[in-house]
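Input: a single structure, listed below in structure tokens.
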Amino acid sequence: MEVRPWVKYDGFVFRDLPLSSVRTPLVGIFCYLAVIYGLRAWMKKREPMRLRVPTLIHNAFLCALSVSMAVGTLVELFMAVRNHGGLMSIVCDRSHETMSGMLAVWMYIFYASKYYELLDTVIMVLKKRPLNFLHVYHHCVVMPLFWVYMETDMVIHWILVVANSMVHVAMYYYYAIATLGKTVWWKKYITQAQILQFVIDVTATWPFPVLYYSSAGCSGSMRGWIFGQAVGLSFFKLFSDFYRRSYKTKSDGATAVTPPESSESTKKQN
């Protein structure tokens, strides 16, 4: 029995949309680095900006967007499995039907959101918060990573979209209430969830090479998969190191630092 989708759409073509050029993530990285380090130099002799309302709006918007992307992607996964040939339609997509429908639209929205998330760093710089390598590296590498996934119609990257969106719901909710001077008891579990996310991202896509070489017409590319594995493993290492440093410091008597992607600290903003 066919399940009727909430919105029927089967005309998605990534190459016809904004942000689809191979130059886009490269220009994005260049502009991102130029802006944040230019702003740091400009802010060097200036007082930190408070930006309480813009920060709250920014984090609340990303929390709501993350809910939408997680729910929208999960709904379309269900529709694809029921209407386009079972589980293989969301793992291999031989017919390329899945990556021309609404599931691909949600994946594109997720990809585009990575450019908006660059404002995390702009806010941090204007507030004169310290920047670490993990934060900057994370924002730089996700733009080309998800461009490759979209360009090659790699349907299996829905796993990353769902996992990341779900983590970001909790993460940006925490950042939003931190703007109001509040905190949550589960703060340290945000970083643990991020680490678990990278384990899932890496291991759940391991079947792809087997399917790619054994299934004629399977969408995606081995280069994209290898790139994703390398990024996932690097994130796992960097976030694990961050977690150990942060909570070892806490056990030694100091306060643990805020999760690494933060545009907000836990300090109360008056």
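Derivation of every value follows stated rules applied to the coordinates shown; laboratory data play no part. These figures come from a predicted structure and were not determined experimentally. Every residue, glycine among them, receives a Cβ derived from its backbone with ideal geometry; neighbour counts consider all protein chains shown.
When shorter helices are ignored and each DSSP H run of at least 4 residues is given -39500 (n - 2.57), the per-residue value for the chain at 222 nm works out to -21500 deg cm²/dmol.
If I take R0 = 22 Å and measure r between the Cβ atoms of V27 and F227 in this structure, what FRET efficiency does the formula 1/(1 + (r/R0)^6) give, to the nearest 0.05? Efficiency for this residue pair is about 0.70.
Once you order the gyration tensor axes a ≥ b ≥ c over the Cα atoms, which shape class does segment 16-58 get: rounded for a/c under 1.5, otherwise prolate or oblate by comparing a/b with b/c? In terms of gyration-tensor shape, oblate. Where in the chain are the DSSP H helices whose C-alpha atoms run 30 Å or more along the long axis and whose mean Kyte hydropathy is at least 0.0? Helices passing the filter in the chain: 52-83, 158-179.
What number does segment 1-102 give for Rg over Rh if you use C-alpha atoms and the Kirkwood radius? Result: Rg/Rh = 1.16.
Cysteines of the chain lacking any other cysteine Cβ under 4.7 Å from their own Cβ: C31, C63, C140. Straightening the chain between K128 and R40 buys 30.9 nm, computed as 0.36 nm per residue apart minus the Cα-Cα spacing.
Of the residues K127, K114, the one with the fewest other Cβ atoms within 10 Å heads the list, and the complete ranking is K127, K114. In terms of distances greater than 21 angstrom between alpha carbons, the cross-link table entries K45/K127; K44/K114; K188/K237; K45/K128 yield K44/K114. Using 0.36 nm per residue and subtracting the Cα-Cα separation, the extra length available between A112 and W185 on full extension is 23.1 nm. Among H135, H157, sorting on how many other beta-carbon atoms sit within 10 Å of each Cβ, with the fewest leading, yields H135, H157.
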